[in-house]
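The values are calculated or read from the model by the stated rules, or taken from the named source; none is laboratory data. If you're wondering where the values come from, they're calculated on a predicted model, not measured in any experiment. For neighbour counting, all protein chains shown are included, and Cβ atoms are generated from backbone atoms with ideal geometry for every residue, glycine included.
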C-alpha cells in the first residue's frame, strides 16, 4: 500500500512541476482568451439585435400568412435562437478556460491530467480534454 501512495505523491509532484507556466506565457494566453471572449460577445450581441429586428419585422408582416408561412417563420426563429445559444455556449467555454488558467489547470486534460497538445489549444483554445479523452467521449 505504501508504494501506491509513494507513486501517487511522485506523480503529483511531477504534475505540479510540469504545470508551471511563466507569468509572461500566462498573460499572453489570458489576453488571447479575453480577446476571443470579447469577439464572441460582440457577435452574440449583434446576433441578438438582429433577431429582435427580424422578430419586429415578422410581427408587422404577418397579415395574410397561411400555416406554411407561420411554420417557416417559426423554424427560422428557432434556428436563429439556436445560433445565439451556440455563441453563448462558446462564450461560457472561453470564460471557463480563463478560470482554469487562473487556477493553473489550463492546458491540462480534466480526465487524465495529461497535457493538451499545443496544436489542439491553438485550434480550440477552450479545450478541456486531450485528443485521446475527447475521442473516447465522442464514441459514447
Scanning region 90-118 for residues that are in a helix (DSSP H, G or I) and over 8 Å from the mean Cα position of the chain (by Cα) gives 98, 99, 100, 101, 102, 103, 118
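If the requirement is being surrounded by 13 or more Cβ atoms within 10 Å (Cβ to Cβ), in contact (Cβ under 8 Å) with a residue 40 or more places away in the chain and either part of a helix (DSSP H, G or I) or in contact with a strand residue (DSSP E or B) (Cβ under 8 Å, 6 or more places away or on another chain) (or both), which of these qualifies: 87, 121, 54?
Just one listed residue meets the conditions, 87.
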Before we move on, is residue 43 touching a helix residue (DSSP H, G or I) at 6+ places or on another chain (Cβ under 9 Å), more than 28 Å from residue 132 (Cα to Cα) and at pLDDT 95 or above? yes
